[in-house]
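Here the structure is laid out as structure tokens; the discussion comes afterwards.
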Amino acid sequence: MKTLEELLREGVRLLETADIEEARLDAWLLLEYTSGKSRAYYYAHPEEETDGETEERYFNLCRKRAEHIPLQHLTGSVNFMGYDFCVNENVLVPRQDTEILVEEALKILNSMDSPRILDMCTGSGCILISILLEIPEARGTGADISAAALDIARKNADRLGVEDRAVFAKSDLFSGEYFQQKSGTDGGKYDMLISNPPYIPTAEIRELMDEVRFHDPVLALDGREDGLWFYRKITEAAPSRLKENGWLLYEIGCSQGTQVEDILRNAGFVNVRTVKDLSGLDRVVLGQRSNRTMQEEQHV
């Protein structure tokens, strides 16, 4: 039988040969996942022998990772905002950059009483659920066109204990039955509309890393010809779905800040600004519904 140290060494070699960017980290995470041993335990007992089942399972997962299947799809989970979320091939794997979007939302929502949030293109539900976990009196709706994605979102809500404060609705943007029934009612108004929509221009998808273009759902990536289609469509409908002084927040591609700002301003939003991520790249655009926007809506 091989030792923990030997498994890790061979796993790293296998992933490095396959040009996996973070080969050592991924090999270690898969070892931790398959053996159930923490990193501290490994350093204290590197010569401990493993059983044949662990060895077989470990190398099987390493071979799959060498095929550029995302690590999170192999382990079935990802840490986001300090919480563990279930993920699979039906949802976009939550990335650290998206935490900037949640953090900006929390800065605004923490000053509100019992805020209501709409998460459009919710996917795994990580954005909405993280907000609900941080603000116990908040409630929200997560919408997505994918029934399979919504199954994962509901599972995450149940696992993390917010199922009584989250509703998940199948809808192609605002066309679904859920929104049609609530249109024009107080129940259809939110303090915040937040979204990490598909924003990759169609022609650029083929240039993405293999883990993304072959394993993330295309529905969660494809922002149509210029990558801005969903921003236009959601922003156009947002005023009728937001309460007075409600906020609209988007995650964006790093080159889209100025364009998305213009989309919000042209729709009558005020206090529009762009927030950068930890790498200094544009990552979030946000704006507030203005009285002018409300007055224009009332005269339509």
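One table, with the values for the structure above:
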| item | result |
| --- | --- |
| Residues of segment 80-126 satisfying the condition of being surrounded by fewer than 22 Cβ atoms within 10 Å (Cβ to Cβ), in contact with a Ser or Thr (Cβ under 8 Å, 6 or more places away or on another chain) and modelled with pLDDT under 95 | Asn90, Leu92 |
| Subset tally (residues that are closer than 17 Å to Tyr83 by Cα, among the aliphatic types (A, V, I, L, M) and within 17 Å of the chain's Cα centre (by Cα)) for segment 123-161 | 10 |
| Single unsatisfied condition, Glu47 versus (1) in contact with a strand residue (DSSP E or B) (Cβ under 9 Å, 6 or more places away or on another chain); (2) surrounded by 11 or more Cβ atoms within 10 Å (Cβ to Cβ); (3) acidic (Asp, Glu) | (2) |
| Candidate set: segment 23-56, residues that are part of a helix (DSSP H, G or I), charged (D, E, K, R) and touching a Phe, Trp or Tyr at 6+ places or on another chain (Cβ under 9 Å); chosen: the one farthest from Leu92 (Cα to Cα) | Arg39 |
| Criterion: assigned by TED's automatic domain parsing to the domain that holds Trp247 and part of a loop (DSSP other than H, G, I, E, B) - qualifying residue of Asp119, Asp191, Asp158, Asp172 | Asp172 |
| Residues within segment 250-280 that are surrounded by 22 or more Cβ atoms within 10 Å (Cβ to Cβ) and under 16 Å from Glu103 (Cα atoms), tallied | 3 |
| Residue that is nearest to Leu193 (Cα to Cα) [pool: residues in segment 73-115 that are assigned to a loop (DSSP other than H, G, I, E, B) and aliphatic (A, V, I, L, M)] | Met112 |
| Pair list, Cβ < 8 Å and 6+ apart or interchain, from segment 179-205 residues that are at pLDDT 90 or above to residues that are surrounded by fewer than 19 Cβ atoms within 10 Å (Cβ to Cβ) and part of a helix (DSSP H, G or I) | Met192/Ile108 |
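The values are calculated or read from the model by the stated rules, or taken from the named source; none is laboratory data. Bear in mind the structure is a predicted one, so any value in this text is a computation, not a measurement. A quick note on method: Cβ atoms are made from the backbone with ideal geometry, for glycine too, and the neighbour counts reach across all protein chains shown.
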